[in-house]
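Just so it is clear, none of the values below were taken in a lab; they were calculated from the coordinates. These numbers were taken from a predicted model, which means no experiment stands behind them. With ideal geometry, Cβ positions are generated from the backbone for all residues, glycine too; neighbour counts draw on all protein chains shown.
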Amino acid sequence: MTTLDDLRAAMASRLSDAGIAVDGGVRPRRDRERARMSFAQRLVWSHQQRVPDSTANNICLTFTYTGDVDADALQRALLAVVERHEILRTTYHAGDDEPFQRIHAELGPTVVTVDLTDATDPDARLRSIVADAATEVFDLETESSIRFTFVTMPTVDGAPRLAVVIAMQHIVWDGMTLPAMARDVGRFYEQARAGEITVDALSPQVADFAEAERDRFDAADHSGDIAFWEERFRGDVALAALPYDHAPERGSEVSARVDRTLSPAAEAGLRSWAAELRTPPFSVFLTAYYLAVRELSGRDDVLIGTTVANREEDGAQALIGNFSNPIALRIRPDDGVGFDDLVRHVRAVTDEAFAHREFPFDEIVEIARRVTGDPAAHPFDSLVLFLDQKIDGIALPGASMTWELADKGRLALPVTVEAFMHPDRTEVQIGYRVELFDAGTVERLHDLIDAALRTAAPASRSPR
């Protein structure tokens, strides 16, 4: 029987998906044109201030459509998304006392159209266009943090093809942004094909969340968070989990990437362990990564980074924006534990850290430096991201679609591992700074991750 509480919960969920806060949610900010930066925004902005020519925080997605797509309607839909989401009309500034964001009534993104229907090698030209888009620096003080390139490709078996390249700065994008964008683009695209687009109001916006977050932080007691994070960095823990092939010289962000798909046996191990232990696939994958790091480094007690979405509040799921916060996971299992108990340990470590997920990462960095006595310490040197839901991309009626994340050629950390779990496969992308690592080391890291999942699969274990 459906209860009143069930109905209230369902309504709250629908309002949240629509971008409308329910009672007790985030309130409108005090100044409609200016607000303090959120901690996530400040983290990205600070990096750009230190390294002005960095593209380490660029994200570039290419959506390739085969079939009947109305390119004009799609362009209008994407521009309507910019109109609806203030974050795409926001610039970022130092300020006298602290950095702030300025929200503009109008701040059009760069839109480029390219016709490759008669190009000699259109696929190579498209790759070049994507590479240029992925590696073009954003000026956070003057321009929108999103750009669009529409590329008309030659037909395939008579079917038209359109590639849409969307480049963004991480200050407006996190792992949960794509579903919000896909919903709005799909709705506006249908309206554009039928005639006029109606851009409905969206409240609260990212700047409202930012102001509420900062107000809460200023008023709260953080002694529990501080004590928790101090404990993560005490003792003989390896902040640098992976041994470098080369000593760092210039601190260059130049990077390369090695992409693979998990082998069928490793894929089976990942999914079967997650099902058997009733744990998120992320915990299983992170366990495999830990085992790979342990094999390469010879260390049992290591710190590995990940990020949390921090989108639990009403209305946040509907927003384009960066709500994420990096956190450090200290993995130090007991000697001799089996793979299943190691997964349980990793899950417990993750859950414990997630309970302190709202404590800002730049504060965690300061704690790491204070506890270790190293003024240049970073809480971890490798970051593991795992997406296993809502990664279908921006689907349009009448066309098939594939999407791809471009290699931006720069990394803020020595190693970043990104895994994308599709219904039939898991793609693993490992980016690495070329100043520190050889490609062969990263290939071996891939091998070890795959082997850990493959050999540890429940079906391969001996009966107890």
In segment 165-272, the GluC sites (Glu not before Pro) that fall in loop regions by DSSP, at most 10 other Cβ within 10 Å: E196, E249
Rg/Rh for the chain, where both radii come from Cα atoms and Rh is the Kirkwood radius: 0.96
Shape category assigned to segment 18-211 from the gyration tensor of Cα positions, a/c cut at 1.5: oblate
Segment 63-71 - phi-based ³J(HN,Hα) in whole Hz, Karplus 6.51/-1.76/1.60, Gly and Pro as x: 9, 10, 10, 10, x, 7, 10, 8, 4
Under-5 Å amide H pairs with V114, H placed in peptide plane, nonlocal only: F150, V151, T152
Per-residue Cβ neighbour rank within 10 angstrom, fewest leading, V199, V343: V199, V343
Listed residues A80, T90, A40: farthest to the positive end of the dipole of segment 18-211 (Cβ charges): A40
C-alpha center-to-center spacing [segment 427-452, segment 256-332] in angstrom: 15 Å
The chain, helix-only ellipticity at 222 nm - DSSP H runs n ≥ 4, -39,500 (n - 2.57), divided by all residues, nearest 500: -12000 deg cm²/dmol
Segment 104-188 - convex hull of the alpha-carbon atoms, volume per residue in Å³: 132 Å³
Within the chain, percent of DSSP bridges classed antiparallel, to nearest 5: 80 percent
Whole-angstrom gap from segment 195-225 to segment 380-411, using each part's C-alpha centre: 25 Å
